[in-house]
């Protein structure tokens, strides 16, 4: 009786340990923020179709502002709970160049269901179809929803697996600095342009003053040399007259 009890106890302990390790790993994978000072990885480029059948590449969506990619499916309940919050974020910040791209992992036979669901909810963000799960393999995630936040150049700033109420607030906290940074860079660029223009004007004015000063100095030197030449001629002429007068006296 004792051996089976000990064996059961041992197996229970091993099972609990495995559960704890799995829970810890899942928690670690759920959010993957980039540490400060760490080099931001580039998101893999892809090209898939939208709901109208037109091909769209990730590289076509970059350059104007941050891009949020959300992998989802109609059979994923947490995904359907998250999508309204993504629409809210899109409504608030799309004027700042922010884009939301929802990539469905539904099977091709469910495409009509995806179209009707998006239309019924009146979502107007971009919806793409990962027909062969090729994009999923590129991003290498194992559960839905999977959310990736990119800066305007395509660097992965933040990624998260799964959804819990309140995650959208964390996402907004990650999003705002990206847009502030972009606005600051744009503002600095304009300011630098103005400063550069001012410096150029001052430089041109300074060069003009210098040229005028040099031109004035040249004229002054020329006048001085001309006066000296005339004086020399006069002295020479007077000397010649004096010699001529002395000769006549002799």
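The values are calculated or read from the model by the stated rules, or taken from the named source; none is laboratory data. For clarity, every value in this text was computed on a predicted model and none was experimentally measured. No Cβ is skipped: glycine too gets one built from the backbone with ideal geometry, and neighbour counts run over all protein chains shown.
Worth a mention:
- Qualifying residue in the range 157-171 (condition: in contact with a helix residue (DSSP H, G or I) (Cβ under 6 Å, 6 or more places away or on another chain) and in a strand (DSSP E or B)): yes
- Among all positions in the range 66-77, there is at least one residue which is surrounded by fewer than 14 Cβ atoms within 10 Å (Cβ to Cβ), part of a loop (DSSP other than H, G, I, E, B) and at pLDDT 50 or above.
- Residue match in the range 119-130 (condition: touching a strand residue (DSSP E or B) at 6+ places or on another chain (Cβ under 9 Å), touching a residue at least 40 places away in the same chain (Cβ under 8 Å) and surrounded by fewer than 19 Cβ atoms within 10 Å (Cβ to Cβ)): yes
- Every residue from the range 37-65 that is under 17 Å from residue 114 (Cα atoms), in a loop (DSSP other than H, G, I, E, B) and touching a residue at least 24 places away in the same chain (Cβ under 8 Å): 51
- Hits in the range 78-97 - residues which are buried (at least 21 other Cβ atoms within 10 Å of the Cβ) and either under 24 Å from the mean Cα position of the chain (by Cα) or within 20 Å of residue 140 (Cβ to Cβ) (or both): 79, 86
- Selection status of residue 92, free of Cβ contacts under 8 Å to residues at least 40 places away in the same chain and either in contact with a helix residue (DSSP H, G or I) (Cβ under 9 Å, 6 or more places away or on another chain) or part of a loop (DSSP other than H, G, I, E, B) (or both): yes
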